[in-house]
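Quick notes on the structure that follows.
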Amino acid sequence: MAASIQPRRGRFKVSRCARGPWLIVAAITGLAVSAFLAALGVGAVAVDPVEVAAILGHALGLSAAGINPVHETVISAIRLPRAVLGCVSGAALAVAGAAMQGLFRNPLADPGLIGVSTGAALAAATAIVLNGFVAGVLPFVPSRFLIPAAAFVGGLGVTLLIYRIATRDGQTEVGTLLLAGVAINAIAGAAIGLLVFVSSNQELRDLNFWLLGSLGGTTWSELLPVVPFIIGPTVALPLFARVLDALLLGETEALHLGFSVERCKRWMVGLGALAVGGTVALTGVIGFVGLVVPHLVRLLLGASHRWVMPLSAVLGAALLLIADLVARTIVLPAELPVGIVTSCLGGPFFLGLLLRRRGTGWA
């Protein structure tokens, strides 16, 4: 792979991708595997890695001796679905963030700009505070799935509204899409604030925990019906890597290179909304993963989306698993919302990145 040359402070610097990209890929993959094993073994009930591997092998039908039945129950029924949710959610948020940053050609873009996170949060808050009304609108949804179903529908609905506002005569203006997202997000945020104001104490606790995100309480029965809506778009979005690379030159240039820009925009926005909508429906709103992870990958491997998209999925899964591990162990026996941890980690990193780019000497 050719070395990419980037100017910095009057000099030219060879990108790290020229120094051995496969070492970086292996390191990120190893981090993800280690984080997954740690998510299964670390907690109030500690399980050593060898036994974790034996329990996983037993779940796959391999014979294994010396397995503690209590440890097996803890891992298979509680920690494994939570870890799987962390993997697919982190990957989906990171890949959708990389796609939105490439589509908007804006390093500050994240999946929330197309309204899916705020729309899902508004619908979920409505389901919590106005449970009877939402149950009447969605009578075919079992009560235990009411909030996730409302979040999924709300996220897709708001995304469709924003996309419709930005589309005129079959052409979608990225700038208008961005501004419409900001406006609709502000309106939805005000509506969420109103619901918080009229909620009871118990509803307020549910709202705060859901709006800050959590992987806790996940069961296989809740996870399996939604996972295809997350994994499918997450796998499909990297297929648009060449289009996103072409869009870095501008929409006109990408069109001249033979890409159907408008169709690709629709697909990317739709797939991003599906992936993030499914994630938010299960985890609540988790910030900074979709914003920070693509930047980390670009720092390590350059700006080509052929590297950024798949590596963002792996690194996003790893970082969300690590954040969740911190959230559920740092204040045992209580548990922090994982969104607090991701914000505490992502905020300083992003601020340091901005200071570094300004060349202030702080980073």
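Read the figures in this text as sums done on the coordinates, not as results from a lab. None of these values were measured; they are calculated from a predicted model. Because the Cβ atoms are built from the backbone with ideal geometry, glycine has one as well, and the counts that use them run over all protein chains shown.
Rounding to the nearest 20 debye, state how big the charge dipole of the chain is about its Cα centre with +1 on each Lys and Arg Cβ and -1 on each Asp and Glu Cβ.
Using Cβ point charges on Lys, Arg, Asp and Glu, the chain gives about 1300 debye.
Estimated from the Cβ-Cβ distance and a Förster radius of 25 angstrom, the FRET efficiency linking L194 and A334 is about 0.30. A Förster distance of 51 Å, applied to the separation of the beta-carbon atoms of V45 and L248, puts the FRET efficiency at 0.60.
A straight line joining the Cα centroids of region 62-122 and region 211-231 runs 8 Å.
Report D for region 252-342 in µm² per second (integer): Stokes-Einstein, Kirkwood Rh on Cα pairs, 4 °C, 1.567 mPa s. Mind showing how you got there, number by number?
Details: Rh = 15.3 Å.
The Stokes-Einstein estimate is 85 µm²/s.
How high is the relative contact order of region 36-134, given as a whole-number percent (alpha carbon pairs under 8 Å, six or more residues apart)? Show your work: numbers first, answer last.
Working: 52 pairs, mean separation 17.1, N = 99.
Relative contact order here is 17 percent.
Positive-end ranking of A121, F36, L177 along the dipole of the chain, with charges on Cβ about the Cα centre, is headed by L177. Distance between the modelled labels on S34 and H58, one decimal in nanometres: 2.7 nm (7 Å Cα→Cβ projection).
Can you tell me the order of 214-224, 230-240, 281-291 when each peptide is scored by its average per-residue count of other Cβ atoms within 10 angstrom, highest first? Kindly include the intermediate steps, with their values, before the conclusion.
On the way: 214-224: 16.0, 230-240: 20.3, 281-291: 25.5.
Top of the packing list down: 281-291, 230-240, 214-224.
Each peptide in 300-312, 79-91 was scored by the mean count of other Cβ atoms within 10 Å over its residues; highest first, the order is 79-91, 300-312.
The slack in the chain from T219 to I187, taken as 0.36 nm per residue of separation less the alpha-carbon distance, amounts to 8.2 nm. With Cα atoms as the point set, the radius of gyration and Dmax of the chain evaluate to 21.2, 67 Å.
Taken about its Cα centre, region 210-317 carries a charge dipole of roughly 100 debye when the Cβ of each Lys and Arg holds +1 and the Cβ of each Asp and Glu holds -1.
Ranked by the mean number of other Cβ atoms within 10 Å per residue, highest first, peptides 327-335, 35-43 order as 35-43, 327-335.
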